[in-house]
């Protein structure tokens, strides 16, 4: 079993409960770590025997483009759609951060982490 990670994908998106968050948006950082068997790919050097990182990025990007009130909702959609799209993934960890959340004080980020195993 191997782990493949796409780390710190950055998106400008429109997630939040406040009206200005839907109008102005914010910066979000997403990282995903996937566990899968990469032995055949290591032997054959063939992309068809592993996970295409571009396809995973495309799923994350698509979900980030759908406005939501809660990052919990966005994270769950990303988790569900990656697991649905890539049956070779045995386990998935997602980390989704909203930078500079409007909390009335200086806060670098708020983060949710989700995990799923088959």
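Every number here is computed from the coordinates shown, using simple stated rules; none is lab data. Treat the numbers as computed from the prediction; the structure is a model and nothing was measured. Methodologically, a virtual Cβ is constructed for each residue, glycine included, from the backbone with ideal geometry; neighbour enumeration extends over all protein chains shown.
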> Which of the helices (runs of 4 or more DSSP H) contained wholly in segment 39-118 include at least 1 residues that are within 18 Å of residue 13 (Cα to Cα)?
Replying inline: 53-64, 71-85
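Could you please find all residues in segment 56-69 being surrounded by 13 or more Cβ atoms within 10 Å (Cβ to Cβ) and more than 11 Å from the chain's Cα centre (by Cα)?
Restricting attention to segment 56-69, the residues satisfying the condition of being surrounded by 13 or more Cβ atoms within 10 Å (Cβ to Cβ) are 56-57, 59-61, 63-64, 67-69.
Within segment 56-69, 67, 68, 69 meet the criteria.
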>> Any residue at all in segment 99-118 that's more than 19 Å from residue 24 (Cα to Cα), out of contact with any strand residue (DSSP E or B) (no Cβ under 8 Å at 6 or more places or on another chain) and touching a residue at least 24 places away in the same chain (Cβ under 8 Å)?
In response: no
>> Here are the criteria: (1) within 17 Å of the chain's Cα centre (by Cα); (2) surrounded by fewer than 16 Cβ atoms within 10 Å (Cβ to Cβ); (3) in contact (Cβ under 8 Å) with a residue 24 or more places away in the chain. Tell me which single one residue 37 does not satisfy.
In response: (1)
